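The values are calculated or read from the model by the stated rules, or taken from the named source; none is laboratory data. In this text the structure is predicted, and so the values were computed from the model without any measurement. As a convention, Cβ positions derive from the backbone with ideal geometry for all residues, glycine included, and neighbour counts pool all protein chains shown.
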Amino acid sequence: MPLILESLPSISSNYHRLFFVRSLPHPSTIAHYVIFLGCWIPVQASFAYPIASHLTASNFHPTFETPPSIAWTAPESDLVPATDQTVAKRDQSTIAPDSASWEIVNQDDLQPVKSNGTPVIIAGADNFNPALQLLPPQPETFELPNPPTVSPANSAIALEALTTDFRSDYDNFGQQNQFIEETARFRLPNDEALRVKTGFNTFQQRGVESIINIPLQVGWEGKWGPFKLRPTAGVDIFDRLSLKPNLNLEIETKLFRNITLMGVVEQAPYKFNAKTLDNEISAWHFGTNLFWQIDRDTSLFSLLRFGNYNDGNHEQQSFTRLERKFGDFFAAANLFNWSYDNNFETRSGYFSPPDFLVYNGEIGWQGDVFKFLRCRVAASLGRQRLNGDYSGARSYQAHCTAKLSPNFEADFGYSFSDIQNRNTSGNGFNSQSLTGQLRFKF
């Protein structure tokens, strides 16, 4: 279960990109929701999924969607964490290092990003694991209007926002996962919300017939006492495979004023690549996300995931990011660990290392280029260990948000990483991701 940085990134798809980036890993590329986190992660890498659903080696994991995506939503307080992944997203399932970088926004910088109605954290394992990446990271400057006061005359369902996410993850071995997903958010009475999502995703890989995927999901957001609940259910439609169900549940609560804890349960097809889908691999993922705003400029994000696959395999992955801001600049330390009981890459198609470790240092800048344009650039350098063999690990990324009108914003980004999300038999590996997002509010 690779980790998104949709922007963190979406911890299947859907990071994120909160790193949430869209939930945790999204399987697109081990670099995608994490985190490139840096906002994104591994989300759907296939930490986005796409590399975005989980934390994959590029984003940290493709099974975490938005993704399984690091996708992680920010706490509902004056703390403003930002992700992939707002990611980040793609399928949120796992984490893998794609673009090993993450970003957490401080409360003084901006208001929480709400492309799907909830704040997001950009730091995620999706940038370490493409499978964790799912959706692109959410911008820190986008704010939705305050929900209307519920009254007998104002209790109908109202369309609040439309979000279009695009992500294309590809590597130098001929693998490409592309995600185009549309999410409509409706405001319900009593400050609850309904989310409806669909899309058009494609998976291409050398030696495997391409696969087209159309996801259909319906989710609800509400509160029960001190807990915020986000259950989601749906189906994945494929052009040449049978229908597959997908389920996701996120429960979030504040332990203290500055500490937020989230629990995640997810079951979905593992959208790591065409071969994995062709073998009809699916997985259950369980875990927690912890965000701690230590002080005004220092934050800690930590993620733990366990995965059970229908081919009998089991995985564990953990990701920790410590970040310090210095005005418009920031520095961070990232640590990602990923292990499977069995290496089923040849048989099932997905990257499943018995021993995989990534650690790096990251520096970056985020600020306004023009009044309407805010950008973020980051680079990381470190080491990776795959089955006992060490090698260098580097990544860089750029992400910009353009506020084109009071009700319309657009994101676009690019990331590069040489963090592995496949066994290359000694050959060099690199993965790249192009991301975009359009947000309309009503």
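Here are some notes:
- Some residue of the range 225-232 being closer than 29 Å to residue 335 by Cβ and touching a Phe, Trp or Tyr at 6+ places or on another chain (Cβ under 9 Å): yes
- Note on the range 200-240: residues that are touching a Ser or Thr at 6+ places or on another chain (Cβ under 6 Å) and closer than 16 Å to residue 275 by Cα total 2.
- Just one of the listed residues (193, 161) is buried (at least 18 other Cβ atoms within 10 Å of the Cβ), over 24 Å from residue 267 (Cβ atoms) and modelled with pLDDT of 95 or more, and it is 161.
- Considering residues of the range 203-224 that are of a type in the set (Phe, Trp, Tyr) and touching a strand residue (DSSP E or B) at 6+ places or on another chain (Cβ under 7 Å) only, the residue farthest from residue 183 (Cα to Cα): 203
- Exactly one residue among 203, 227, 186 is within 19 Å of the chain's Cα centre (by Cα) and of a type outside the set (S, T, N, Q), and that residue is 203.
- Positions within the range 152-177 being over 23 Å from residue 219 (Cα atoms) and either among the β-branched types (Val, Ile, Thr) or in contact with a Lys or Arg (Cβ under 9 Å, 6 or more places away or on another chain) (or both), in sequence order: 169, 171, 173, 174, 175, 177
- Test result for residue 307, more than 16 Å from residue 362 (Cα to Cα) and surrounded by fewer than 18 Cβ atoms within 10 Å (Cβ to Cβ): no
- Of residues in the range 392-436 being outside any strand (DSSP E or B) and of a type in the set (S, T, N, Q), the one surrounded by the most Cβ atoms within 10 Å (Cβ to Cβ): 421
- Hey, residue 207 in contact with a Lys or Arg (Cβ under 7 Å, 6 or more places away or on another chain) and modelled with pLDDT under 95 or not: no
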